[in-house]
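A quick write-up on the structure given underneath.
Throughout, read-outs are computed from the coordinates displayed, never taken from laboratory work. Source: prediction; values computed, not measured. Methodologically, a virtual Cβ is constructed for each residue, glycine included, from the backbone with ideal geometry; neighbour enumeration extends over all protein chains shown.
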Amino acid sequence: MNIERIGVIGAGQMGNGIAHVCALAGYTVLLNDVKAERIEAAFDIIAGNLSRQVARGKITDADKDRAMNNIQPAKSLDAFRDVDLAIEAATEDEKLKKQIFVDLCPRLSKQAMIASNTSSISITRLASVTDRPERFIGLHFMNPVPLMQLVELIRGIATEEETFLSVQALVKKLGKTSANSEDFPAFIVNRILLPMINEAVYTLYEGVGTVEAIDTAMRLGANHPMGPLQLADFIGLDTCLSVMQVLYEGLADSKYRPCPLLVKYVEAGWLGQKTKRGFYDYRGEKPVPTR
């Protein structure tokens, strides 16, 4: 199936990144969100990120202009009637995602495919609420989308080979590498990464080390580019908790139990960089550990 027009649902960090790379690759992109101001903000963010790529010599000014011209705001899902592929990039909440798909399907052409950027939720389960489970697939981009090279492809139990091959070709055209995952909780990257972050939070919770000591130890002792608690703040502590809950409930193994300290931070609304406080306080000139 040839893909030319792509609809992206959700103009947040992941959605605007997906719109960015698709538009830069020459696709026409319709960007939708429940709040119009988020779409406007996303256009500014995409323009700024493209400008940084120009400054680094990665793309030209003409490339930037073409990409921006390829993106159109979509105030309603009604605008998706002619898209070949709709990519959902909403908050990691199964109930919300399912409602989006229920609202979306009647507005799509019969041939259109649907992809979810979920980082942990069952593709088979999400596809079950649609009228086209055979044209439904998991398309999990890494954050930040313009910089990260990997995209996980996840087939649900009903996903047809034609859908898989079409989306695999899309990923290649975006200049990214795909890794195929079976439809198990959190797939590959987060199945490995999030338990490591959760264990780092347990290490803090149990008083083994401070925030600074834990991050320094993993940066210099394991050669990680970013400490696990700093990375958790970057991902969003609410997202980290959601993925751990999916692992814990989906695999019924106590080793995936979310750390109580992670739960407490989320309950406090300290979600990381996006709220200016998490394991670090970002309200000053430089981040300061909160514990």
Here is the link list: K64/K276; K58/K173; K255/K276; K97/K286. Which ones come out longer than 26 Å on Cα distance? K64/K276; K255/K276; K97/K286
Under 5 Å from the placed amide H of T290, counting only residues 5+ away or on other chains, we find Y280, D281
Neighbour counts of other C-beta atoms within 10 Å: give me C105, C259, C240, C22 arranged from fewest to most. C105, C259, C22, C240
Nonlocal amide H pairs with E88, under 5 Å, H built at 1.01 Å: I9, A115, S116, N117
Inter-centroid distance (Cα atoms) of segment 1-79 relative to segment 172-204, Å: 25 Å
Placing each pseudo-label 7 Å from Cα in the direction of the beta carbon, V129 and V263 end up separated by a distance in nanometres of 2.5 nm
Using only Cα atoms, tell me the angle between helix 61-70 and the longest principal axis of the chain; keep it within 0 to 90° and round to the nearest 10. 70 degrees
Cut-off under 13 Å on the C-alpha distance; same-chain residues fewer than 8 positions from K98 excluded. Which aspartates and glutamates are left, in chain and number order? E88, D131
3J(HN,Hα) from dihedral phi, segment 175-192, Karplus parametrisation 6.51/-1.76/1.60, rounded to Hz, x for glycine, proline: x, 10, 9, 9, 10, 8, 10, 6, 7, 10, x, 6, 6, 9, 4, 6, 4, 9
Nearest-0.05 FRET efficiency for H224 and I188 at R0 = 22 Å, using Cβ-Cβ distance, is 0.80
Report, by chain and number, residues whose modeled amide H sits under 5 Å from the one on Q72, excluding near sequence neighbours (fewer than 5 apart, same chain). V29, L30, L31
Anisotropy class of segment 191-289 from Cα gyration tensor, a/c 1.5 cut: oblate
Rounded to whole Hz and in sequence order, give me ³J(HN,Hα) for segment 136-145 from the Karplus expression 6.51 cos²θ - 1.76 cosθ + 1.60, θ = phi - 60°, writing x for Gly and Pro. 10, 8, x, 10, 9, 7, 8, 9, x, 4
Take L147, project a point 7 Å from its Cα along the Cβ direction, then tell me which residues of segment 12-26 have their backbone nitrogen under 15 Å from it. 13-14, 17-18
What list of ³J(HN,Hα) values in whole Hz, one per residue of segment 16-21 in order, does the Karplus curve 6.51 cos²θ - 1.76 cosθ + 1.60 (θ = phi - 60°) give from phi, with Gly and Pro shown as x? 5, x, 5, 4, 4, 5
Tell me, D215, D84, D63 in order of fewest to most beta-carbon neighbours within 10 Å? D63, D84, D215
